[in-house]
Amino acid sequence: MNAIDVQHLSKIYRGDIKAISDLSFTVGAGSVFGFLGPNGAGKSTAIKILVTLMNPTAGDARIFDIDVSQKPKEIRRIIGYVPQELSADGSLTGYENLLLSAKLYEIPPKEREQRIADILEMMELASRADSLIDTYSGGMVRRLEIGQAMLHHPRVLFLDEPTIGLDPAGRALVWRQIRKLNHDEGMTIFLTTHYMEEAEALCTQIGIIDRGQLSAVGSPTQLKETIGVGTIRIVLSSSQFSQSTLLDMITSIPGASALFQDPQILEIKVPNPAEHITEILQLIKTNGISVNDLELRGPTLEDVFLKYTGSHLEVAGPKEWKSIKQRRRSVRRAS
Ligand SMILES: Nc1ncnc2c1ncn2[C@@H]1O[C@H](COP(=O)(O)OP(=O)(O)OP(=O)(O)O)[C@@H](O)[C@H]1O
Ligand SMILES: [Mg+2]
């Protein structure tokens with residue numbers, strides 16, 4: 001059974017900006033689907049249509065066979081959504097934010113307190129329930145927002161960059177909760193991320209979107225199998241040799257490409273790296289150089305992303321996180 005069914009979806013913003021065009025894909029019930037793509041690819045736009053915040057220009061989207069444009073109220077009852085930008089109210093406490101969401105989701109008054117307590121426990125925030133959100137760390141805010149989105153036991157949870165700017169411990173906790181929701185409650189999770197290790201750790205299915213169109217879809221293993229090449233990274237003992245001669249020799253191996261990352265670090269992409277390693281080491285030796293270190297690996301999701309989008313993932317660092325916090329402050333000042 002499909003949790004999400006998107007057919008020929010397009011969105012053109014004012015000013016003729018084509019954010020998504022003819023996008024079609026399905027997400028099986030109970031899966032963790034990762035939506036990956038460069039900045040501006042159309043990920044958040046697709047999510048906003050699915051969570052009924054925006055109408056598509058053309059095409060259909062259904063969640064558990066309910067049309068998102070025609071029956072937005074029904075959809076909102078069965079989904080949870082954590083937007084890319086921070087959404088919790090900094091001037092309220094964690095408890096107050098949850099109470100607000102509980103009312104918004106029309107959770108019956110007699111069930112509210114227990115449900116809020118359960119969420120605080122699950123998200124490891126019980127001890128900070130009465131602190132203002134402004135005093136929370138980035139990871140705590142994100143956990144609270146995920147908690148808000150699942151108060152009403154949604155069947156599908158949409159998370160737009162759930163761990164942006166979090167430290168490894170904060171990220172690990174969010175991952176644990178996502179896995180738990182998926183495993184224990186059978187919740188379908190639809191997430192976007194710029195972190196490849198996150199997609200690898202969590203996702204059973206991955207869709208890659210580039211300039212508004214789906215360029216690949218499959219399990220992480222299936223997608224990696226489409227790459228066909230692995231990488232050999234070699235640290236050389238010296239830089240006293242002709243780089244172009246060595247590159248010519250190596251790239252004469254069928255299907256091989258190579259580049260120097262710095263004068264002593266050579267990166268080679270080749271089908272079946274293990275089969276060619278002896279030959280490559282021999283070529284290096286004939287150039288009078290020895291090898292200080294060697295790393296051999298199969299295709300990664302980073303390679304997959306590169307193949308289907310032609311770009312590396314732009315990972316948001318602390319700078320972007322800071323800008324999100326500043327944005328939140330300026331929004332509050334303005335209101
Ligand atoms: N409200 C809007 N009005 C006009 N154009 C918009 C609007 N929102 C997004 N866009 C444009 O639509 C395109 C897709 O944007 P979107 O936010 O969906 O991308 P994204 O994949 O989520 O990117 P990111 O990884 O940076 O979050 C971009 O060109 C963006 O500038
Ligand atoms: Mg986005």
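The values are calculated or read from the model by the stated rules, or taken from the named source; none is laboratory data. The structure presented is a predicted model; accordingly, all values stated were derived computationally and were not measured. Using ideal geometry, Cβ is built from the backbone for each residue, glycine included, and neighbour counts are taken over all protein chains shown. Side chains included, ligands, DNA and RNA excluded: accessible areas come from the protein's heavy atoms. Shrake-Rupley method; radii C 1.70, N 1.55, O 1.52, S 1.80 Å.
Quick rundown of the values:
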| read-out | value |
| --- | --- |
| Residues (hydrophobic (A, V, I, L, M, F, W, C) and away from ligand 1 (no atom under 13 Å from the Cβ)) located in the range 14-50 | 25, 27, 29, 32, 33 |
| Residue match in the range 151-160 (condition: touching a Lys or Arg at 6+ places or on another chain (Cβ under 6 Å) and within 16 Å of ligand 1 (Cβ to nearest atom)) | no |
| Where a residue in the range 23-52 is aromatic (Phe, Trp, Tyr) and its partner, wherever it lies, is away from ligand 1 (no atom under 13 Å from the Cβ) and assigned to a loop (DSSP other than H, G, I, E, B), with Cβ under 7 Å and at least six apart | 33/203 |
| Hits in the range 151-175 - residues which are charged (D, E, K, R) and closer than 18 Å to residue 80 by Cα | 155, 160, 161 |
| Subset of the range 1-54 [assigned to a helix (DSSP H, G or I) and within 18 Å of residue 187 (Cβ to Cβ)] | 47, 50 |
| Residue 232 being open to solvent by less than 20 Å² (accessible area, probe 1.4 Å), over 27 Å from the mean Cα position of the chain (by Cα), closer than 26 Å to residue 273 by Cα and not assigned by TED's automatic domain parsing to the domain that holds residue 62 | no |
| Selection within the range 93-107 - modelled with pLDDT of 95 or more, of a type outside the set (Gly, Ala, Ser) and open to solvent by less than 50 Å² (accessible area, probe 1.4 Å) | 93, 97, 98, 99 |
| Tally, over the range 179-216, of residues that are more than 16 Å from ligand 1 (Cβ to nearest atom), of a type outside the set (Asp, Glu) and under 18 Å from the mean Cα position of the chain (by Cα) | 12 |
| Set 42, 59: member being within 15 Å of ligand 2 (Cβ to nearest atom), of a type outside the set (Val, Ile, Thr) and under 17 Å from residue 214 (Cβ atoms) | 42 |
| Qualifying residue in the range 51-62 (condition: out of contact with any Lys or Arg (no Cβ under 8 Å at 6 or more places or on another chain) and away from ligand 1 (no atom under 16 Å from the Cβ)) | yes |
| Which listed residue, of 10, 21, is under 21 Å from residue 310 (Cα atoms) and open to solvent by 10 Å² or more (accessible area, probe 1.4 Å) | 21 |
| Test for residue 150: is it in contact with a strand residue (DSSP E or B) (Cβ under 6 Å, 6 or more places away or on another chain) and either in the same structural domain as residue 39 (by TED's automatic domain parsing) or surrounded by fewer than 19 Cβ atoms within 10 Å (Cβ to Cβ) (or both) | yes |
| Test: residue in the range 160-178 that is more than 16 Å from ligand 2 (Cβ to nearest atom), open to solvent by 10 Å² or more (accessible area, probe 1.4 Å) and more than 18 Å from the chain's Cα centre (by Cα) | no |
| Yes/no for residue 268 being surrounded by 14 or more Cβ atoms within 10 Å (Cβ to Cβ), β-branched (Val, Ile, Thr) and assigned to a strand (DSSP E or B) | yes |
| Qualifying residue in the range 35-46 (condition: open to solvent by 20 Å² or more (accessible area, probe 1.4 Å) and among the hydroxyl-bearing types (Ser, Thr, Tyr)) | yes |
| Count - residues of the range 55-91 that are open to solvent by 20 Å² or more (accessible area, probe 1.4 Å), touching an Asp or Glu at 6+ places or on another chain (Cβ under 6 Å) and not in a loop (DSSP other than H, G, I, E, B) | 2 |
| The range 182-211, residues that are assigned to a strand (DSSP E or B) and open to solvent by less than 40 Å² (accessible area, probe 1.4 Å) | 188, 189, 190, 191, 192, 206, 207, 208, 209, 210 |
| Within the range 271-307, considering residues that are assigned to a loop (DSSP other than H, G, I, E, B) and under 34 Å from the mean Cα position of the chain (by Cα), the one surrounded by the most Cβ atoms within 10 Å (Cβ to Cβ) | 299 |
